[in-house]
Amino acid sequence: MKVSGFTFVRNVVKYDYPVVESIRSVLPIVDEFIVNVGRCDDGTMELIRSIGDSKIKIVESIWDETLRKDGLIYAQQTNIALSHCTGDWAFYIQADEVVHEDDLPVIQEAMRRHLGNPAVKGLLFRYLHFIADYWTTNPWFYHKAVRIIRNNGEVESCGDAVGFHLKATQQYLQSGPKEWIAPSGGRVFHYGWVKDPQTMTEKKREQVTVYHGGQVPAAEAKQLAHDSFQFEDYAMLKEFAGSHPLVMKARIGVAKRWAPRWSRWLNWNFYREVARRGFRG
């Protein structure tokens, strides 16, 4: 069994992505790791090269700046990396996602177990979305996503690269027949919202152009009106007391809570959100 890791990156230094930790978290169970580096001038290429692992293979691309709608550029760049994968399985991880070392054996076993069953097209991961700091998670964000796909040319990234669909029919894997998806047993620690408030605002401005071009929705405009990002829902989010991936130890060691933590059960806004969105943990 051969496994390819793959990702795309651009401006990861400027926006402080934990991409080194991300790549290193899956290197132990992949045979190669494809990194599609988009042209930029913030030192992203140098950072990727500094990892210094022979499994890493770099391809370079230039982003199509006219593709500024619904995050579609992310799927396009993901698929460029995917096209260079040579493994039986392709393990996708975005630059702000990290896998826990405790989960690697069970993920590897899931790939072995389903290798001979062509009906299984993808393996599903459980998500933990961290907000503002490393001790706070948002239980209302999506809980699961496919991150390993069978690399036979039938499946590609779609939308804003959160998920995958069949090339032939554009059927989203997670809404297709049950046999298409199997559990990986792994967790993805998503740290995309853990940044200092100024960097978070700069990243959000970039994302708005990728999703909406020059037209900024009212809700986004309200957020971007501040130089320092406002994590408005912080007080009603969920406390995380578990262990983080070891590759994140250095980052977490110098981090601080964004704000004092009070029990969300004493916050009436929490109950309002539960009534509106349901209790998700």
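The values are calculated or read from the model by the stated rules, or taken from the named source; none is laboratory data. Remember, it's a predicted structure, so these values are computed and weren't measured experimentally. When we count neighbours, we look across all protein chains shown, and the Cβ atoms used for this are built from the backbone with ideal geometry, even at glycine.
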task: Answer yes if at least one residue in the range 131-147 is over 20 Å from T78 (Cα atoms), outside any loop (DSSP other than H, G, I, E, B) and more than 16 Å from the chain's Cα centre (by Cα), and no otherwise.
output: yes
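Scanning for something closer than 15 Å to V30 by Cβ and of a type in the set (A, V, I, L, M, F, W, C), does the range 115-122 turn up at least one residue? I'd like the intermediate steps shown before the answer.
Taking the range 115-122 as the starting set, the residues that turn out to be closer than 15 Å to V30 by Cβ are 115.
Checking the rest, the ones that are also of a type in the set (A, V, I, L, M, F, W, C) come to 115.
Among the residues of the range 115-122, at least one is closer than 15 Å to V30 by Cβ and of a type in the set (A, V, I, L, M, F, W, C), which makes the answer yes.
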Log entry, pairs with first residue in the range 91-111 being assigned to a strand (DSSP E or B), second being acidic (D, E), beta carbons closer than 9 Å, six or more apart or on different chains, reads V98/E21
Restricting attention to the range 78-85, does a residue exist that is part of a loop (DSSP other than H, G, I, E, B), surrounded by fewer than 21 Cβ atoms within 10 Å (Cβ to Cβ) and of a type outside the set (D, E)? yes
A careful count of residues in the range 1-23 that are surrounded by 20 or more Cβ atoms within 10 Å (Cβ to Cβ) and among the basic types (K, R) gives 1
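Of V59, V35, V30, which residue is surrounded by fewer than 17 Cβ atoms within 10 Å (Cβ to Cβ), modelled with pLDDT of 95 or more and among the aliphatic types (A, V, I, L, M)?
Values: V35 fails: surrounded by fewer than 17 Cβ atoms within 10 Å (Cβ to Cβ); V30 fails: surrounded by fewer than 17 Cβ atoms within 10 Å (Cβ to Cβ).
The conditions single out V59.
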Going through the range 245-281 in order, the residues found to be of a type in the set (G, A, S) and more than 25 Å from P197 (Cβ to Cβ) are A275, G278, G281
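Return the only residue of I29, I51, I80 being over 23 Å from A145 (Cβ atoms), more than 15 Å from the chain's Cα centre (by Cα) and touching a residue at least 12 places away in the same chain (Cβ under 8 Å). Write out each step before concluding.
On the way: I29 fails: over 23 Å from A145 (Cβ atoms); I80 fails: over 23 Å from A145 (Cβ atoms).
Step by step, each of I29, I51, I80 is checked, and only I51 is over 23 Å from A145 (Cβ atoms), more than 15 Å from the chain's Cα centre (by Cα) and touching a residue at least 12 places away in the same chain (Cβ under 8 Å).
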The condition of being of a type in the set (G, A, S) and modelled with pLDDT under 95 holds, among G71, G5, only for G71
In the range 216-261, anything at pLDDT below 85 and aromatic (F, W, Y) is listed as F229, F231
Within the range 116-154, the residues that are exposed (fewer than 14 other Cβ atoms within 10 Å of the Cβ) and either among the aliphatic types (A, V, I, L, M) or farther than 22 Å from L173 by Cα (or both) are A119
The correct count of residues that are among the small types (G, A, S) and more than 25 Å from D133 (Cα to Cα) in the range 1-42 is 3
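Quick grid of which residues meet (1) at negative phi; (2) of a type in the set (S, T, N, Q):
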| residue | (1), (2) |
| --- | --- |
| A132 | no, no |
| N138 | yes, yes |
| Y142 | yes, no |
| V146 | yes, no |
| I149 | yes, no |
| N152 | yes, yes |
| V155 | yes, no |
| A161 | no, no |
| F164 | yes, no |
Some residue of the range 184-205 being modelled with pLDDT under 85 and either among the β-branched types (V, I, T) or in contact with a strand residue (DSSP E or B) (Cβ under 6 Å, 6 or more places away or on another chain) (or both): yes
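Please work out if P118 is more than 13 Å from the chain's Cα centre (by Cα), of a type outside the set (S, T, Y), modelled with pLDDT under 95 and in a loop (DSSP other than H, G, I, E, B).
Numbers: more than 13 Å from the chain's Cα centre (by Cα): yes; of a type outside the set (S, T, Y): yes; modelled with pLDDT under 95: no; in a loop (DSSP other than H, G, I, E, B): yes.
No, not satisfied.
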